[in-house]
Every structure is written in structure tokens, then in C-alpha cells.
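Structure first, commentary second.
The values are calculated or read from the model by the stated rules, or taken from the named source; none is laboratory data. Here the structure is a predicted model, which is why all the values come from computation and not from measurement. Here the Cβ positions follow ideal geometry from the backbone for every residue, glycine too, while neighbour counts run over all protein chains shown. What goes into the accessible areas is simple: the full protein's heavy atoms, side chains included, and nothing from ligands, DNA or RNA. Shrake-Rupley method; radii C 1.70, N 1.55, O 1.52, S 1.80 Å.
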Amino acid sequence: MFFSIPRFVVGSLILVSITQPSFSKAHPSSNKRLFVTMGSDLSEKVFTNKSQKVLESTNGLSVVEIEVDDMGNISHEAHEGFHRCGGFMVHESYEKALEEVQNDSSRQFAKNVSFADYSINQGSQVNARIGEAREIRIRKMIQKLSSFKNRYFESETGLESQEYIFNEWKSIGSGRSDIEVKKFKHNSWPQDTIIAVMRGSSDEKIVIGGHADSIAGWWNRSRATAPGADDNASGIATITETFRVLVESGYRPEKTLVFAAYAAEEVGLRGSKEMAESFKKNNDTVLGVLQLDMTNYNGSDWDIALVSDFTNEEQNKFLGSLIDTYLPQLKWGYDRCGYACSDHASWTGQGFPASAPFEARKSKMNPHIHTGRDTLSQSGDNANHALKFVKLALAYVIELDN
Ligand SMILES: [Zn+2]
């Protein structure tokens, strides 16, 4: 249906776009073209006119050429239609995107190979640490992070929120010479990924990460209200409390622990992808990656849903055993999430073993994400659910480390 826009409305629309002080000015115009990979199920839904956009489809994945403005459409469909937080991966060239969809072998490798010793024998240490985790600290971190207007990868508040995480982790790690907190810089956008490294006697790495950015709306996202209390302030608060409990207990790891707050997940898993690629390039040995994206909405009969696709089977079984051993009161199961569902896909894509324990069955996940309604009140104004994930993360780190 066509309707005429009253004159004064036209004026204010133009006015708004001219006066916007946002970082996107530093980046080429909105019709910049990008090469992305996504599940063919999603591309068929978004790009009905196949000839126009989909350049290649193989292994159930598609290479699509898009304009920046298409991102709203894609993430909306990925989220509403397929319950995926991310849903697509951005690549710097067509060749790189093609490599991703054709490179099924490293994904299969990351999926099927056992990368570590998954024995469980650190009972007293794990139970002691689990007892030290505090809901109130997780809740406070979620409240602080969701108080930023948004944590979008190209907004001023998206830089301020990363600075806050950087300073928080710095203060937790201060006084420990084996801990370094740093910013992983990304060349093509302003938001950094924040990393805390707890060096062990071995250089083998265990990565505990989640994305820190948030998103809402389709237009002018740099100024949108996107509290992202569950998606994904809850994951960052879960990682922070895990890091804090280990530091405050004087825990000294054997392996090297890496805690990460990724930038730019909502716009194509961009931060985690660059980080995983750098680990691959450095030939880092990664024993395991734990992805914490949305841990605080207790929407289903399961307390924890282990994502079964684009993750490592052996490590998933290990996580299931850790729940049965240390958190027997919790109900858990396996659920699928689809390609590029969240940052674990970046690590799997580089051949590293990753797992993603999730807050609920996919069909029952938090319906308020990617909107201004994703607030802590949707979780009863507490972090009781996220506390379960801190306990699981502590068990995972200590058992994998020993
Ligand atoms: Zn998310």
C-alpha cells in the first residue's frame, strides 16, 4: 500500500540523518558491499530473489553479497525465524567467504576430534570455587552493562562499555604478574575486543568468551536503545565472575587461561572471527573454547541446553558430565542452533574445539533480545540463572586445566 508522507515528517527525517554524530561517518556509506556466509536455510528466507544475491551454496551454507543496510533484515530473520543470536559471518573478500563454506573439513575436524583429557578428578577444588561464586556480583555487572544506551560496535556508548569491561578486568587482575588485560584491536571498526590472559606454566590455551556488543532496531542502531541485559551482558557477567573467583582464590593455572569479551558479534561474528584467525595464524594450541552467550533467561524446563551443531562432540559430552557431577540438580539436554549462531562458530571455523551452553531450549529462549525490552526485569531482576553457568564454567576450567 502506498501512502504520502506529510511534508513536516520528510523534513525531520532528513534533519535527523544530517545531525547524527556517530562513528559510521568514519566508515564507508551504508551501501558498502559485504560478503557474508550464512545457513542456506536463512539465505533462502531472506533473499527470495536468489539470482540477485546468493553467489554460492554448498554444504548447507551460502555465500551472499549484501549491502550494509541488508544486515537489519538478515539479523531480524535470523533471530525471529531461526532463533540465532548472530546468524551470519562477515568476510573481507569473496574468496575468504568461499573458503569458509567449502572448508567443511576443518569444521568436521573441530566437531569430531577429541582435543583434551576429559577426566573429572578435581572435586575438592571445584566444589570450593563453586561455593565462592556470588549472584549479587553477576547481577551488578548486568545492571551496569545494560545501563549503557547500547553497546553497538560502532557507537560511542559501545566504546565506553568496552572501556568499562577493560577497567573492571584490570582491577580484578591487578596485583597478579601472571595476568595481563589487553585490547585486541580491529582495523575496520572502532570497538575493541577485551582479553584477560592468566598465564600458566604451559602455553596450551583454554578460552572462555562471549560477545559484549548489543543491538536493537533496524535503523540508526548507533543511537538505538539496546540494553542487552541477557544478550549478552549476562554472558560477560558470567565470564567476569568466573575470572574473579579464580583470581580471588589465588588459583594458579597450569594451562594459559584466556577470557574474552568479543566485539561486533551481532553484525557477523566479526570480533571473535578475527581473534580465532589470529590464534590459528600463531599456531596456538587451544584445548577448548567455552562460549557464553545468553545465560540468564530461564525460559524452559532445561536449565542448560548444550548446542550440538558447529561445536565439539567430545567436549559437549564432557560438559554434560560436569553438570551431572557438580550440578546434579540441574536439567540439561542438547539442542541445535544453526550456522553462525554465535561466536563459537568462529572458533569451529578455524578448527578449534568449541562448546556453547545456552540458557534454554532454543524455542524457549528470551524473546526480548535485540529490542529495548531486553532488560534484567525479564529475568526477575536477579542473576540466579546465570549463576548456574558460572559454576559450570569454573568446573570446566579447573578440570580441563588439570
Ligand atoms: Zn548474543
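Screening MET275 against (1) open to solvent by less than 10 Å² (accessible area, probe 1.4 Å); (2) without any contact (Cβ under 8 Å) to a residue 40 or more places away in the chain leaves a single unmet condition, (2). Could you check, for segment 207-219, whether at least one of its residues is more than 16 Å from the ligand (Cβ to nearest atom) and farther than 19 Å from SER75 by Cα? Yes, segment 207-219 contains at least one residue that is more than 16 Å from the ligand (Cβ to nearest atom) and farther than 19 Å from SER75 by Cα.
Among the residues here, GLU241 qualifies as modelled with pLDDT of 95 or more and touching a helix residue (DSSP H, G or I) at 6+ places or on another chain (Cβ under 9 Å). With respect to ASN296, is the statement that it is away from the ligand (no atom under 16 Å from the Cβ) and open to solvent by less than 30 Å² (accessible area, probe 1.4 Å) true? No.
Hey, can you tell me all the residues within segment 220-264 that are charged (D, E, K, R) and either more than 16 Å from the ligand (Cβ to nearest atom) or open to solvent by 20 Å² or more (accessible area, probe 1.4 Å) (or both)? Correct list: ARG221, ARG223, GLU241, ARG244, GLU248, ARG252, GLU254, LYS255. The residues in segment 183-219 that are surrounded by 23 or more Cβ atoms within 10 Å (Cβ to Cβ) and without any contact (Cβ under 8 Å) to a residue 60 or more places away in the chain can be counted, and the count is 0.
Looking at ASN167, is it at pLDDT 85 or above and away from the ligand (no atom under 16 Å from the Cβ)? Yes; evaluated as a whole, the condition is true for this residue. Within segment 282-293, if we keep just the residues that are assigned to a loop (DSSP other than H, G, I, E, B) and surrounded by fewer than 24 Cβ atoms within 10 Å (Cβ to Cβ), the residue that is farthest from the ligand (Cβ to nearest atom) turns out to be ASN283. Please tell me if GLU180 is touching a strand residue (DSSP E or B) at 6+ places or on another chain (Cβ under 6 Å) and surrounded by fewer than 20 Cβ atoms within 10 Å (Cβ to Cβ). Answer is yes for this residue.
For segment 41-73, a tally of residues being surrounded by 18 or more Cβ atoms within 10 Å (Cβ to Cβ) and under 19 Å from ASP309 (Cβ atoms) returns 4.
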